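Down below is the structure, laid out as structure tokens.
Please treat every number below as a calculation from the coordinates, not as lab data. Just so we're clear, the structure is a prediction, and the values are computed from it rather than from any experiment.
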Amino acid sequence: MQENRQRAEGRYAGPAVLVGGRSAPDCRQSTCTPASIDFHMRCLLLLLSCLLPAPGVLAEDGHRSNWIWNGASSGHHGVGWIADGVMLSPGALGAFVDTRVHMIGNRGVRALYQVFDSNPENRMGRCGAGREVHLHVYELTPTRSLERGAVLVSSCLQTLALASQNSGAPDSESDFSSVIWTKDGFTVEWWGDGLEGRATSHYALRNGRFGPAQP
């Protein structure tokens, strides 16, 4: 009856909306109290927080993830986060793309960690479910990206891995923070006995290519 009377008088504003298990006050009428206005504002902020994009996932150390996965199964083999024309190698399952640009002297470079099956021809054999990861480094130029070298940084077949990949943290297998960039190249911190039994290896840019620096 009250609803019909409100319709006749032109004051009906529709049914009450349930928010949090109770009816929200109708603030389209001039009889709203400050408390009811505050209730509506809090509900509006809650709704906006659900609609807005969520911020990037933070790692345990508080930093956003620096590596984005680009899978070959997405229907193309280009890696657009670096530049047009950069392609995955044949047989690659995909790649983790470093979102940062590292400065080597006056050159900007970006890293691409390509992932391969260790033993695709024999899934039941040694490392049949293992992975090989190659770090490819590209120099960013105004016209295109130029590959300046590639290094094997993780291998089931060679029992090789980065220290950061064995930290025990969630998703540590995609943590490449043990590749540390310096002013002339990058240093790799290995897990256990690394390449040639060394704990670290340094690679420097010489004559346009990254290669092992002299110890």
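Some notes on this structure:
- Measuring between their Cα centroids, segment 123-155 and segment 161-215 lie 13 Å from each other.
- Shape call, segment 105-159: gyration tensor on alpha carbons, a/c limit 1.5: prolate
- Shown in residue order for segment 97-111 are the 3J(HN,Hα) couplings computed by the Karplus curve 6.51 cos²θ - 1.76 cosθ + 1.60 at θ = phi - 60°: 9, 6, 6, 8, 9, 9, 9, 10, x, 9, 10, x, 10, 9, 9 Hz (x for Gly and Pro).
- The slack in the chain from SER172 to GLU189, taken as 0.36 nm per residue of separation less the alpha-carbon distance, amounts to 4.7 nm.
- Shape category assigned to segment 155-205 from the gyration tensor of Cα positions, a/c cut at 1.5: oblate
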